[in-house]
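The values are calculated or read from the model by the stated rules, or taken from the named source; none is laboratory data. Computed from a prediction, not measured in an experiment: that's the story for all the values here. When we count neighbours, we look across all protein chains shown, and the Cβ atoms used for this are built from the backbone with ideal geometry, even at glycine.
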Ligand code: UTP
């Protein structure tokens, strides 16, 4: 890898309102809702750490201050937990915190994902950086993490940015940002393709492909210039996709087909499914949970 393709920082925007998850998010950041026994944001930061990233830049807001507390390695309860032999329950979190430097920048008002990323400019300016969204989990079951797959593609190239993509069912393209791949498609040996364009939430009849953006990006620093010039779009917000569309005119983007399963924990159904899936994946719960789920389905007359 050439030195100019090094990436050490990941921006994780967590300043959104979480309105789809009200009332749970009235007093609690959605990123701290648990998937089994760990907050969503723990899984996200672990994905970045496992990919070798060294600094997390949270784009945060006043109600989200608890996210920083979660990663504070100086946990005041540690000695009390040790006394009751429960210290091991927070060890994984403390270990994660020790592996990464955390910096926070504020987005005072949620003005869109592009605006959120721009707030990280004083920390990442002039360097390549990754972005991982704070509410989209991608499970890769011990293989290279989703952002790790994008980083590998980025570092194998001399220039350009890389975005992760995942296939979505044809009738769901209107829920996502979609990649135009000029009619090309991935094969088992071609996991990376040049991007022709990005379309925000196209209808199934108009979509250029079924490849959606699940919130994994590796950018060259020029994205920040593009975002500075981006005017507010849909909903008066500065959209990240609009900045990407304008950068695409000057510099290439590559789509990396991620091997993994996505759980959109920002909406209630996606969150419930993520808990069931991660619960079934955990040897401590697998047998009992699957038996209980079957019993419940039977009881509800669903099977
Ligand atoms: P979402 O649109 O999924 O999150 O943005 P949201 O705005 O919190 O959710 P709803 O629609 O109100 O339920 C994707 C990610 O970008 C962050 C969010 O925190 C989320 O992690 N984001 C979004 C910001 O940090 N700032 C923004 O202005 C918008």
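In the set 219, 186, only one residue is within 16 Å of the ligand (Cβ to nearest atom) and within 25 Å of residue 149 (Cα to Cα); that residue is 219.
Please verify whether residue 291 is under 22 Å from the mean Cα position of the chain (by Cα), farther than 29 Å from residue 188 by Cα and part of a helix (DSSP H, G or I), treating the condition exactly as stated. Criteria not met by residue 291. Taking residue 96, is it under 21 Å from residue 278 (Cβ atoms), assigned to a loop (DSSP other than H, G, I, E, B) and either more than 16 Å from the ligand (Cβ to nearest atom) or in contact (Cβ under 8 Å) with a residue 12 or more places away in the chain (or both)? Answer is no for this residue.
Can residue 58 be described as touching a residue at least 12 places away in the same chain (Cβ under 8 Å) and farther than 26 Å from residue 242 by Cα? Spell out the reasoning first.
On the way: touching a residue at least 12 places away in the same chain (Cβ under 8 Å): yes; farther than 26 Å from residue 242 by Cα: no.
Criteria not met by residue 58.
In the set (1) near the ligand (Cβ under 8 Å from one of its atoms); (2) surrounded by fewer than 19 Cβ atoms within 10 Å (Cβ to Cβ), the condition left unmet by residue 1 is number (1).
For residues that are away from the ligand (no atom under 16 Å from the Cβ) and either touching a helix residue (DSSP H, G or I) at 6+ places or on another chain (Cβ under 9 Å) or not in a strand (DSSP E or B) (or both), tally how many sit in the range 123-171.
Just the residues of the range 123-171 that are away from the ligand (no atom under 16 Å from the Cβ), to begin with: 125-128, 139-145, 148-162, 165, 167, 169-171.
Next cut, either touching a helix residue (DSSP H, G or I) at 6+ places or on another chain (Cβ under 9 Å) or not in a strand (DSSP E or B) (or both) only: 125-128, 139-145, 148-162, 169-171.
Adding up the residues that qualify gives 29.
Residue count for the range 256-269 under the criterion of being within 14 Å of the chain's Cα centre (by Cα) and outside any loop (DSSP other than H, G, I, E, B): the result is 4. None of 60, 93 is buried (at least 19 other Cβ atoms within 10 Å of the Cβ), at pLDDT below 90 and within 20 Å of the chain's Cα centre (by Cα) except 93.
How about the range 1-22: which of its residues are assigned to a loop (DSSP other than H, G, I, E, B), touching a strand residue (DSSP E or B) at 6+ places or on another chain (Cβ under 7 Å) and under 18 Å from residue 214 (Cβ atoms)? First the steps, then the outcome.
Taking the range 1-22 first, the residues assigned to a loop (DSSP other than H, G, I, E, B) are 1-2, 6-8, 14-18, 22.
If we keep only those that are touching a strand residue (DSSP E or B) at 6+ places or on another chain (Cβ under 7 Å) as well, we get 7-8, 14-15.
Correct list: 14 only.
Could you identify the single residue in 84, 105 that is without any contact (Cβ under 8 Å) to a residue 40 or more places away in the chain and either within 14 Å of the ligand (Cβ to nearest atom) or loosely packed, with under 13 Cβ neighbours inside 10 Å (or both)?
Details: 105 fails: without any contact (Cβ under 8 Å) to a residue 40 or more places away in the chain.
Selected residue: 84, the only one of 84, 105 that is without any contact (Cβ under 8 Å) to a residue 40 or more places away in the chain and either within 14 Å of the ligand (Cβ to nearest atom) or loosely packed, with under 13 Cβ neighbours inside 10 Å (or both).
When the range 23-41 is filtered for residues that are part of a loop (DSSP other than H, G, I, E, B) and closer than 22 Å to residue 110 by Cα, the ones remaining, listed by number, are 23, 27, 28, 29, 33. For the criterion of being surrounded by fewer than 13 Cβ atoms within 10 Å (Cβ to Cβ) and either more than 25 Å from residue 261 (Cβ to Cβ) or within 13 Å of the ligand (Cβ to nearest atom) (or both), residue 31 fails. Take the conditions (1) modelled with pLDDT of 95 or more; (2) in contact with a strand residue (DSSP E or B) (Cβ under 7 Å, 6 or more places away or on another chain); residue 264 misses just one of them, which is (1).
Just one of the listed residues (223, 272) is at pLDDT 95 or above and surrounded by 13 or more Cβ atoms within 10 Å (Cβ to Cβ), namely 223.
Under the condition of being touching a strand residue (DSSP E or B) at 6+ places or on another chain (Cβ under 7 Å) and not in a strand (DSSP E or B), which residue from the range 42-64 is farthest from the ligand (Cβ to nearest atom)? Walk me through how you get there before you give the answer.
Of the residues in the range 42-64, the ones touching a strand residue (DSSP E or B) at 6+ places or on another chain (Cβ under 7 Å) are 43-45, 47-48, 53-61.
With not in a strand (DSSP E or B) added as a condition, the list becomes 43-45, 47-48, 53-54, 61.
Working: 43: 13, 44: 9, 45: 13, 47: 14, 48: 14, 53: 17, 54: 21, 61: 7 Å.
Restricting to residues being touching a strand residue (DSSP E or B) at 6+ places or on another chain (Cβ under 7 Å) and not in a strand (DSSP E or B), the top hit is 54.
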